[in-house]
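The values are calculated or read from the model by the stated rules, or taken from the named source; none is laboratory data. Every value quoted in this text rests on a predicted model; they were computed, and no experiment measured them. No Cβ is skipped: glycine too gets one built from the backbone with ideal geometry, and neighbour counts run over all protein chains shown.
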Amino acid sequence: MRIAALFVALAAFAAAQSLPPAPGAHVVTISSPEMRGNEPGIAVNPSNPKQVVAVFQGHSRAAYSTDGGQTFTLAEGTTPSDWHTAGDVSTTFDNKGHAFLCYLTFDKLSTTSYWAHGAGRNGIFVRRSLDGGKIWEHDPVALKAFTTGQEPNIQWEDMPRIFADNAPHSKYTGNLYVGWIEWEIEQSIMLFSRSTDDGRTWSTPLRISSHAGLPRDDNGGLVGFIGTVDGDGTIYAVWADGNTIAFTESRDGGRTFSKSRPIIETAPLYFGGVPGVARVMGFPQLGADWTRGKNGGKLYVAWSDYRNGDIDVFAASSSNHGHSWSEPVRVNSDPIHDGNDQFFQWLAVDPLTGVVYIQFYDRRGDDANRKTRVTLARSIDGGKTFTNYAWTSEPFDGQNAFLGDYTWLAAYNDRVYGVWTEVVAETETSSASTSRRSGTPTVVRVGTADFRESAR
């Protein structure tokens with residue numbers, strides 16, 4: 001038995017080492033260890049792909065690049081001074097080349113995981129930059145906020161995600177959209193707001209979840225809103241609802257939505273038991289192929305769960321606007337049931353080529369299931385198969401750190417831009433920087449890859 005187990009471990013290790021490197025892979029650190037950065041987002045300017053904005057929690061920080069993600073500079077003025085904490089950040093560019101930063105704010109956490117119980121001041125805000133993320137406007141716009149903490153029936157607004165309609169043939173091009181969770185005393189629901197004037201004003205939040213979740217931030221609550229826009233301006237959105245992925249759509253620019261419904265059955269998408277990580281979520285992401293190629297019009301969804309014992313990453317596709325979905329495809333290419341976890345996946349579809357990319361934390365090759373690298377998967381056949389590439393070579397150990405609840409990925413014209421959190425290596429920090437705050441220091445890294453040569 002020991003010989004057999006050793007053979008399996010060696011085979012898995014060999015598989016990990018044989019991953020080809022992501023072409024043109026480049027990784028840069030954009031936060032310092034004392035920031036304890038995590039929960040990042042990233043976006044590339046379709047009007048000028050040299051401009052890239054990466055954001056992260058620590059608190060509500062933004063970094064901008066003017067050279068396609070090779071180097072970044074931290075921006076000033078993104079952390080609100082009138083709130084104790086700002087986080088759960090996301091970012092997007094619109095068709096005018098303006099950057100937007102969306103985040104939540106609060107002064108204190110309420111009852112653990114039961115966020116509406118004893119909720120105080122909190123809200124969802126959006127801030128705008130007109131120069132690619134270097135300078136951010138001073139006054140953010142509130143989408144929904146309880147600014148005094150004394151309002152009757154205070155809810156807890158959580159995990160906002162911003163995205164833009166940049167489809168050239170959409171009659172809603174230029175619209176901005178945000179979806180998020182509202183935790184209430186008795187339930188959790190998904191809310192949605194839109195802006196038609198470049199983010200200056202936002203519509204009254206609209207409930208888009210037909211089925212309510214449980215009121216706790218555990219399995220059974222609604223979690224992880226992600227929206228995307230198809231080439232004709234149709235909005236599609238997904239989130240985790242118990243052991244299913246929920247789906248809805250809007251064909252009128254976000255004024256109304258179809259009744260949300262489950263589309264894919266999963267194992268639980270909020271799970272513990274991952275060694276060295278405080279917690280892990282496998283909630284879904286969604287992307288659309290705008291191109292007019294053979295896979296044009298397809299929708300893709302990615303998630304992770306432990307139906308195979310260890311955690312794997314999965315993807316499914318739809319060729320009929322979400323009415324039906326393919327059988328799940330296992331994205332990670334290590335041996336099935338090998339006991340190594342792949343988690344914190346993120347999906348992006350290149351709007352110019354239709355190629356599908358998924359990044360994830362990868363522990364293949366480590367029989368202790370602790371050493372973590374970042375892998376990039378790529379599909380050029382409409383999500384039927386995925387080729388795995390090594391994006392990082394040096395692993396990190398989680399050390400029971402809080403890595404956040406997500407990573408992020410963007411793609412444009414065969415270039416890929418990923419952002420994720422890593423635990424700081426001892427060589428990257430000092431006793432002076434780590435003694436000021438308790439907890440394991442983390443940093444946010446941005447990775448770029450370039451498939452333009454292979455596409456020719």
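Out of Ile185, Ile189, Ile154, report the one residue that is in a strand (DSSP E or B) and in contact (Cβ under 8 Å) with a residue 12 or more places away in the chain. Don't jump to the end; show me each part of the working.
On the way: Ile185 fails: in a strand (DSSP E or B); Ile154 fails: in a strand (DSSP E or B).
Only one candidate qualifies: Ile189.
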Q) Hey, any hits in region 191-206 for a residue that's within 24 Å of Ile263 (Cβ to Cβ), surrounded by fewer than 22 Cβ atoms within 10 Å (Cβ to Cβ) and of a type in the set (A, V, I, L, M, F, W, C)? A) yes
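Just name the residue that is farthest from the chain's Cα centre (by Cα) out of those in region 128-160 that are over 12 Å from Tyr103 (Cβ atoms) and of a type in the set (Val, Ile, Thr).
First pass over region 128-160, keeping only residues over 12 Å from Tyr103 (Cβ atoms): 128-135, 137-139, 144, 146-156.
Those left that are additionally of a type in the set (Val, Ile, Thr): 135, 147-148, 154.
Numbers: Ile135: 24, Thr147: 27, Thr148: 30, Ile154: 27 Å.
Only one residue fits best here, namely Thr148.
Being of a type outside the set (Gly, Ala, Ser), modelled with pLDDT of 95 or more and within 22 Å of Glu39 (Cβ to Cβ) is true for just one of Phe271, Phe225. Which residue is that? Write out each step before concluding.
Values: Phe271 fails: modelled with pLDDT of 95 or more.
Answer to the selection: Phe225.
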Residues of region 365-385 being over 25 Å from Gly37 (Cα atoms), of a type in the set (D, E, K, R) and not in a strand (DSSP E or B), in sequence order, are Asp366, Asp367, Asp381, Lys384
With criteria (1) over 27 Å from Gly296 (Cα atoms); (2) charged (D, E, K, R); (3) without any contact (Cβ under 8 Å) to a residue 60 or more places away in the chain, Asp217 comes up short on (3)
Taking region 199-232 and keeping residues in contact with an Asp or Glu (Cβ under 7 Å, 6 or more places away or on another chain) and part of a loop (DSSP other than H, G, I, E, B) leaves His211, Pro215
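Could you tell me whether region 72-80 includes any residue that is in a loop (DSSP other than H, G, I, E, B), in contact with a helix residue (DSSP H, G or I) (Cβ under 9 Å, 6 or more places away or on another chain) and at pLDDT 95 or above? Outline the logic, then answer.
Filtering region 72-80 for residues in a loop (DSSP other than H, G, I, E, B) gives 72, 75, 77-80.
Of the ones still in play, those that are also in contact with a helix residue (DSSP H, G or I) (Cβ under 9 Å, 6 or more places away or on another chain) are none.
No, region 72-80 contains no residue that is in a loop (DSSP other than H, G, I, E, B), in contact with a helix residue (DSSP H, G or I) (Cβ under 9 Å, 6 or more places away or on another chain) and at pLDDT 95 or above.
Which count do you get for residues in region 89-121 that are in a strand (DSSP E or B) and either of a type in the set (D, E, K, R) or in contact with a Ser or Thr (Cβ under 6 Å, 6 or more places away or on another chain) (or both)?
Within region 89-121, the first condition is being in a strand (DSSP E or B), and the residues that meet it are 89-93, 99-106.
Those still in the list that are either of a type in the set (D, E, K, R) or in contact with a Ser or Thr (Cβ under 6 Å, 6 or more places away or on another chain) (or both) too: 89, 99-103, 106.
The number of residues fulfilling the criteria is 7.
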By residue number, the members of region 66-125 that are buried (at least 16 other Cβ atoms within 10 Å of the Cβ) and of a type in the set (Lys, Arg) are Arg121
Restricting region 1-30 to residues that are at pLDDT 95 or above and not β-branched (Val, Ile, Thr), the one surrounded by the fewest Cβ atoms within 10 Å (Cβ to Cβ) turns out to be Pro20
Only one of (1) small (Gly, Ala, Ser); (2) over 28 Å from Ala315 (Cα atoms); (3) surrounded by fewer than 17 Cβ atoms within 10 Å (Cβ to Cβ) does not apply to Ser210, and that is (2)
- Do we find a residue being among the small types (Gly, Ala, Ser), at pLDDT 95 or above, out of contact with any helix residue (DSSP H, G or I) (no Cβ under 8 Å at 6 or more places or on another chain) and assigned to a loop (DSSP other than H, G, I, E, B) anywhere in region 386-403? no
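Go through Ala267, Ala237, Ala302 for me and flag whichever is in contact (Cβ under 8 Å) with a residue 40 or more places away in the chain and surrounded by fewer than 21 Cβ atoms within 10 Å (Cβ to Cβ). Can you show your working first?
Details: Ala237 fails: surrounded by fewer than 21 Cβ atoms within 10 Å (Cβ to Cβ); Ala302 fails: surrounded by fewer than 21 Cβ atoms within 10 Å (Cβ to Cβ).
From the options Ala267, Ala237, Ala302, the qualifying one is Ala267.
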